[in-house]
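Okay, so here's the structure we're looking at.
The values are calculated or read from the model by the stated rules, or taken from the named source; none is laboratory data. A quick note: this is a predicted structure, and the numbers were derived from the prediction, not measured. We place every Cβ from the backbone using ideal geometry, glycine too, and count neighbours over all the protein chains shown.
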Amino acid sequence: MDPAAGEAIISARSLAPFLRGNSLFAVIVLVVLALAAARIIGHVPEPLLATAGLSFLGWMVVLRAWRRDLASPFTRPVQVVVAWLTFTALALGVIYRIDRGGWLWSALTGYERYITENLADRIDLPIAAFLELYPMFSADPETPSRIVLKRDAYEISESIVIPAGLSVSIEPGTVMRFGPGASLISYSPIAATGTAEQPIVFTARNRWLKWGCVAVLDAPGSVFEHVWFEHARSGVVNGVNLPGSLSVIRSDADIAHSRFSKLFGKDALYVQAAQVSIRDNVFEDAIKDGVDMDGGSGQIVGNSFIDCGDEGIDLSGDYDVEVVNNRITDAGGGRVAAEAGLEAIRARNTFGYRGAGDG
């Protein structure tokens, strides 16, 4: 036998008792090195690495609770790692399946996921077909093209598409609880007029599983007054990106006395190429922008922007917007972005740090 080979065998035999007694330590080192390599070489997002690390710690606690012996210096660690990876993959797969809104998935993995739906066949539905598909709505007997959502609490499991050529009225006190990823998409104007005592509420059935958004596209003027938006995200419907919990695209709107809070899409309110009046609203705890206008005209007056993750107000494109008497507070001292007129905006609004007299 080659002396070097013999020495290697002797060394391996002498190392085996150490590995046998420290196989748990060996598994931990192996996993830590693998996670570090995944970050440095594979550029795997930190949230996914954190999720995998916590999953591993939980798996090791379970093994210790079962008093499983990690006696084999080689086979048992491999079995443990394979079982941990399988468990983690199955858990993430279940989350991906049930979380159609994509918020938990994005938070746990760092990879964005937005629900994409193709519902173009519903845009031109006749009113009778629409009412048959969505019986929660009713026709106004005096105005054939007007549909009404009467005051009640509704559980919405799948996205609703309101076809073009109608008008929609939502009564005060109505509550719509959306399932994961579900949205309300309208190609007709919406009159959602609540009151201070009976606001209209758009929220999630389960706050951990975010719903999609409310969107109005290519329609005449809509009204959202005393409406609460919470636990929403965003969506992509019929090929159109809808980044706001309320997205108004090529559709004029009056948005007043409403509350946008605990929102997890790109924007709380997104406006594209529309004339809007945004008055006396509260935008709070939006994960990115409070109001994001991409072109258009109108006014943003008397609103409160509290702890928006990026900017309270973000203006881009070709716009003509009056921005006055708003209060913007966040960790950065009040952030706004505008491609033109930024100095005038800063002069005509109030800025502050989070906690400095916020409402």
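Consider the range 292-333. How many of its residues are among the hydroxyl-bearing types (Ser, Thr, Tyr) and in contact with a Ser or Thr (Cβ under 7 Å, 6 or more places away or on another chain)?
Keep residues of the range 292-333 that are among the hydroxyl-bearing types (Ser, Thr, Tyr), which gives 297, 304, 316, 319, 329.
Then drop every residue that is not in contact with a Ser or Thr (Cβ under 7 Å, 6 or more places away or on another chain), which leaves 319.
Here the count works out to 1.
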When the residues of the range 95-115 are filtered to those that are outside any helix (DSSP H, G or I) and touching a residue at least 60 places away in the same chain (Cβ under 8 Å), which remaining residue is surrounded by the fewest Cβ atoms within 10 Å (Cβ to Cβ)?
Tyr111
Spot the failing condition for Phe202; the list is (1) among the hydrophobic types (A, V, I, L, M, F, W, C); (2) more than 24 Å from Glu322 (Cα to Cα); (3) assigned to a loop (DSSP other than H, G, I, E, B); (4) in contact with a strand residue (DSSP E or B) (Cβ under 9 Å, 6 or more places away or on another chain), and only one is missed.
(3)
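Among the listed residues Ser222, Ser261, which satisfies the condition of being at pLDDT 95 or above and surrounded by fewer than 24 Cβ atoms within 10 Å (Cβ to Cβ)?
On the way: Ser222 fails: surrounded by fewer than 24 Cβ atoms within 10 Å (Cβ to Cβ).
On inspection, the qualifying residue turns out to be Ser261.
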What number of residues within the range 271-300 satisfy the criterion of being farther than 14 Å from Leu315 by Cα and of a type outside the set (D, E, K, R)?
6
Looking only at the range 302-327, how many residues end up being buried (at least 18 other Cβ atoms within 10 Å of the Cβ) and either in a strand (DSSP E or B) or touching a His at 6+ places or on another chain (Cβ under 7 Å) (or both)?
10
Kindly indicate whether any position in the range 303-311 is farther than 17 Å from Lys266 by Cα and touching a strand residue (DSSP E or B) at 6+ places or on another chain (Cβ under 7 Å).
yes
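Considering only residues that are free of Cβ contacts under 8 Å to residues at least 60 places away in the same chain and in contact with a Lys or Arg (Cβ under 8 Å, 6 or more places away or on another chain), look in the range 266-282 and name the one that is surrounded by the most Cβ atoms within 10 Å (Cβ to Cβ).
If we filter the range 266-282 for residues that are free of Cβ contacts under 8 Å to residues at least 60 places away in the same chain, which is where we start, we get 266-281.
When the remaining residues are screened for being in contact with a Lys or Arg (Cβ under 8 Å, 6 or more places away or on another chain), the result is 266-267, 272-274, 281.
Details: Lys266: 24, Asp267: 30, Gln272: 21, Ala273: 16, Ala274: 21, Asn281: 27.
Looking at residues that are free of Cβ contacts under 8 Å to residues at least 60 places away in the same chain and in contact with a Lys or Arg (Cβ under 8 Å, 6 or more places away or on another chain), I get Asp267.
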Between Leu166, Leu104, Leu184, Leu149, which is of a type in the set (A, V, I, L, M), closer than 18 Å to Phe224 by Cα and touching a helix residue (DSSP H, G or I) at 6+ places or on another chain (Cβ under 7 Å)?
Leu166
In the set Tyr187, Tyr114, Tyr154, Tyr134, the lone residue that is touching a Gly at 6+ places or on another chain (Cβ under 7 Å) and among the hydroxyl-bearing types (Ser, Thr, Tyr) is Tyr114
List pairs: first residue in the range 116-139 and assigned by TED's automatic domain parsing to the domain that holds Ser183 and free of Cβ contacts under 8 Å to residues at least 24 places away in the same chain, second residue loosely packed, with under 12 Cβ neighbours inside 10 Å and not in a helix (DSSP H, G or I) anywhere in the structure, Cβ distance under 6 angstrom, at least six positions apart or on different chains.
none
In the range 225-242, residue surrounded by the fewest Cβ atoms within 10 Å (Cβ to Cβ) [restricted to those that are at pLDDT 95 or above and part of a loop (DSSP other than H, G, I, E, B)]:
His226
